[in-house]
Amino acid sequence: MTFRTFMDVALTEARAAATRGEVPVGAVIVNADGVILAQAGNRTRELNDPSAHAEMLVIREACAKLGVERLENADLYVTLEPCAMCAAVISAARVRRLYYAASDPKSGGVEQGARVFTHTQTHHKPEVYDGICAAEAEAMLKEFFDTLR
């Protein structure tokens, strides 16, 4: 099977999040056959829910759709390095692979900051691939925060 990135779908969700006034982060989760199970952008402000990160939303939806608590044969694509909260849920959900675009030196929980997957208490460590479409994701985030200032 040839690798296909779904980061373009995640970037579309990030753009939609920015339009709604949310931090532009998008995510998509796909099964091993490349079928999209869920896609979403951040909705923390809209839902008044600090846990409504794009990653959390797609994991919740995919688990509900499949009627399972673990997504062992699923891959997650997200436009920004997951925070520690999202990384912990990615581990708990047993996501097979994590692909992310931009690194997050301030709040990242994978390669930055907490580095959740390196802890011995972490039950599951997904395969991690970073930097896919990083320049586009970084530019979107920079533009969003420049507009706020």
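The values are calculated or read from the model by the stated rules, or taken from the named source; none is laboratory data. As the structure is a computational prediction, the values presented were derived from the model and not from experiment. Here the Cβ positions follow ideal geometry from the backbone for every residue, glycine too, while neighbour counts run over all protein chains shown. Keep in mind that these areas ignore ligands, DNA and RNA; they rest on the heavy atoms of the full protein, side chains included. Shrake-Rupley method; radii C 1.70, N 1.55, O 1.52, S 1.80 Å.
Summary of computed values
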read-out	value
Proximal charge balance of ALA38 [Cβ under 14 Å; K/R count +1, D/E count -1]	-1
Accessible area of the chain divided out per residue, in Å², using a probe of 1.4 angstrom	51
Antiparallel DSSP beta bridges within the chain, percent to nearest 5	55
Karplus 3J(HN,Hα) series, Hz, for the range 57-63 with 6.51 cos²θ - 1.76 cosθ + 1.60 (x for Gly, Pro)	5, 6, 5, 4, 5, 5, 4
Electrostatic dipole magnitude of the range 75-128 [Cβ: Lys, Arg +1; Asp, Glu -1; Cα centre; debye, to 20]	160
Using alpha carbons only: equivalent-ellipsoid semi-axes of the range 99-140, gyration tensor based, whole Å	22, 12, 5
Distance histogram for the range 63-127 (every C-alpha pair counted, 5 angstrom bins, percent rounded to whole numbers)	4, 19, 30, 25, 14, 6, 2
Mean shadow area of the range 19-92 over all directions, Cα convex hull, nm²	4.8
Cβ-defined net charge surrounding ALA18, 14 Å radius [Lys, Arg +1; Asp, Glu -1]	-2
GluC sites (Glu not before Pro) within the range 1-110: DSSP coil, no more than 13 neighbouring Cβ in 10 Å	GLU69, GLU72
Rounded to the nearest 20 debye, dipole of the range 1-114 from Cβ charges on Lys, Arg, Asp, Glu	80
Amide proton proximity set for THR79, modelled H, under 5 Å, gap of 5+	GLY26, ALA101
Among ALA93, LEU80, LEU57 the positive-end extreme of the charge dipole of the range 46-149 (Cβ point charges)	ALA93
Rg over Rh [alpha-carbon atoms, Kirkwood Rh] for the range 8-53	1.04
Carbon and sulfur %, accessible surface of the range 1-90 computed with the full protein complex present, 1.4 Å	54
Which of ASN42, HIS123, VAL9, positive extreme of dipole for the range 5-139 (C-beta unit charges)	HIS123
The range 6-149 shape via C-alpha gyration tensor axes, a/c threshold 1.5	prolate
Where a label projected 7 Å from the Cα of ARG96 along Cα→Cβ would reach, residues of the range 119-149 with amide N under 12 Å	127
Where labels lie 7 Å past Cα in the beta-carbon direction, separation of GLU69 and SER107 in nm	2.7
